[in-house]
Amino acid sequence: MTPPVDVAVLAATGASGLVGALLLAVAVAHVLRTRREEADERRRRELTPVVHALLDGDGGPRPDVAGAPAALDDVVLGLLPQLRGADRQVLRQVLAERGVVARATADLSARAAWRRGRAATLLGAAAGVHHTAALAALLDDRSPDVRSAAARALGKAGDPAAVLPLLTSLDGDRPVPQGLVGMALLDLGTPALPALREALTTGDAGVRVLAAEVLGIHGDLAAAPALQDLLTDDGHSVELRRTAAGALGRIGSPRATEALREVLAGSDSAALRRVAAEALGRVGDPAAGGALTAGLRAPEAEVRAACADALAALGAEGQAVLSAMSGGTGPSAVAARAALDALALSRRPVRMAF
């Protein structure tokens, strides 16, 4: 008579065999992946001299790029972000000759969102200004990831004509995040400044805020008059006026001193007065000393602190005012002492530990 089979033993044996098979499969996959990566890296090293020969353009025979392995595309795409000018154009032409740009252009209308996003990213690096309209159309794509990829691509492609569609993408049913649009506008560089200046006067509130912020980061002196108009017009939102004040501080023109003093003395918004005081400290015009001294008596601690820090930034004259006020007992004296302490700490030499 056959003895009964122990079901638990069979189950345990089967489970052990399955685990072993899974571990073996993982190990094999890892080995195969490692070999593929090593082969890809070897091909990239072999193709790097081909790319260098294309960039050198020393008059010798031009390498055959059309018949080169697919790994050449990876090498070129990896180098593109590091290059500018003629070298960048040479590699863009290589990608066009190999059909990479044409395939990416076709994928802009692919059904799969990941393909549209990948195509936008590639065209931003490889196609220059020739696909601005197609990329701009993707700023209204149904996929937020594709919209983001299109915004980044427009910044990398470098066409100033992308400024308007980028700013327009801030609003609507499918908005692109402000931070992404701002980074794209910064990537476009100084060629974007004229369109951003125009947006200060023609755009809606959100567009004006972002345009003012980017112009301030660039330190664009030509934008200062329009920014002053925004700052002093109390019909605009506090957010827009604050951004304009901050931009004027970054630009640093003493011509903005009067507008900033006016806001510091007369605005009902503590947040706006604080930013105006900070901007006056950045501008560093001694003519702001009186308004900043008066600001030390403001009822809001944040405004007093900003005025005290700005006075410290004005140099000896402002610091003398702080020293005179620091001996008191009221809130103004507290702010003055804090600013002087911070100034002393910033001047203290840093001791390196070895």
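Return the residues of segment 90-144 that are exposed (fewer than 15 other Cβ atoms within 10 Å of the Cβ), out of contact with any Leu (no Cβ under 9 Å at 6 or more places or on another chain) and within 15 Å of residue 154 (Cα to Cα); say none if nothing qualifies.
If the condition is that a residue be exposed (fewer than 15 other Cβ atoms within 10 Å of the Cβ), out of contact with any Leu (no Cβ under 9 Å at 6 or more places or on another chain) and within 15 Å of residue 154 (Cα to Cα), then 129, 133 are the ones that fit.
In the set 336, 287, 294, 320, which member is assigned by TED's automatic domain parsing to the domain that holds residue 269, of a type in the set (A, V, I, L, M, F, W, C) and crowded, with 19+ Cβ neighbours inside 10 Å?
336
Kindly indicate which of 194, 165, 225 is of a type outside the set (Gly, Ala, Ser), closer than 30 Å to residue 76 by Cβ and part of a helix (DSSP H, G or I).
That would be 165, the only listed residue that is of a type outside the set (Gly, Ala, Ser), closer than 30 Å to residue 76 by Cβ and part of a helix (DSSP H, G or I).
Can you say whether residue 332 is touching a helix residue (DSSP H, G or I) at 6+ places or on another chain (Cβ under 9 Å), under 25 Å from residue 217 (Cβ atoms) and touching a residue at least 24 places away in the same chain (Cβ under 8 Å), as far as the supplied structure shows?
It is false that residue 332 is touching a helix residue (DSSP H, G or I) at 6+ places or on another chain (Cβ under 9 Å), under 25 Å from residue 217 (Cβ atoms) and touching a residue at least 24 places away in the same chain (Cβ under 8 Å).
Can we say residue 284 is at pLDDT below 95 and over 24 Å from residue 222 (Cβ atoms)? Spell out the reasoning first.
On the way: at pLDDT below 95: yes; over 24 Å from residue 222 (Cβ atoms): no.
Criteria not met by residue 284.
Could you check residue 280 against (1) touching a Gly at 6+ places or on another chain (Cβ under 7 Å); (2) buried (at least 17 other Cβ atoms within 10 Å of the Cβ) and say which number it fails?
Checking residue 280 against (1) touching a Gly at 6+ places or on another chain (Cβ under 7 Å); (2) buried (at least 17 other Cβ atoms within 10 Å of the Cβ), the one that fails is (1).
Residue-wise test of (1) assigned to a loop (DSSP other than H, G, I, E, B); (2) aromatic (Phe, Trp, Tyr); (3) more than 17 Å from the chain's Cα centre (by Cα).
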| site | (1), (2), (3) |
| --- | --- |
| 136 | no, no, yes |
| 153 | no, no, no |
| 174 | yes, no, yes |
| 179 | no, no, no |
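Before we move on, is residue 39 under 22 Å from residue 101 (Cα atoms), in a helix (DSSP H, G or I) and at pLDDT below 75?
The answer is no for residue 39.
The values are calculated or read from the model by the stated rules, or taken from the named source; none is laboratory data. Only a predicted model underlies this, so the values are computations on that prediction, with no experimental measurement involved. Every residue, glycine as well, gets a Cβ built from its backbone with ideal geometry; the counts of neighbours run over all protein chains shown.
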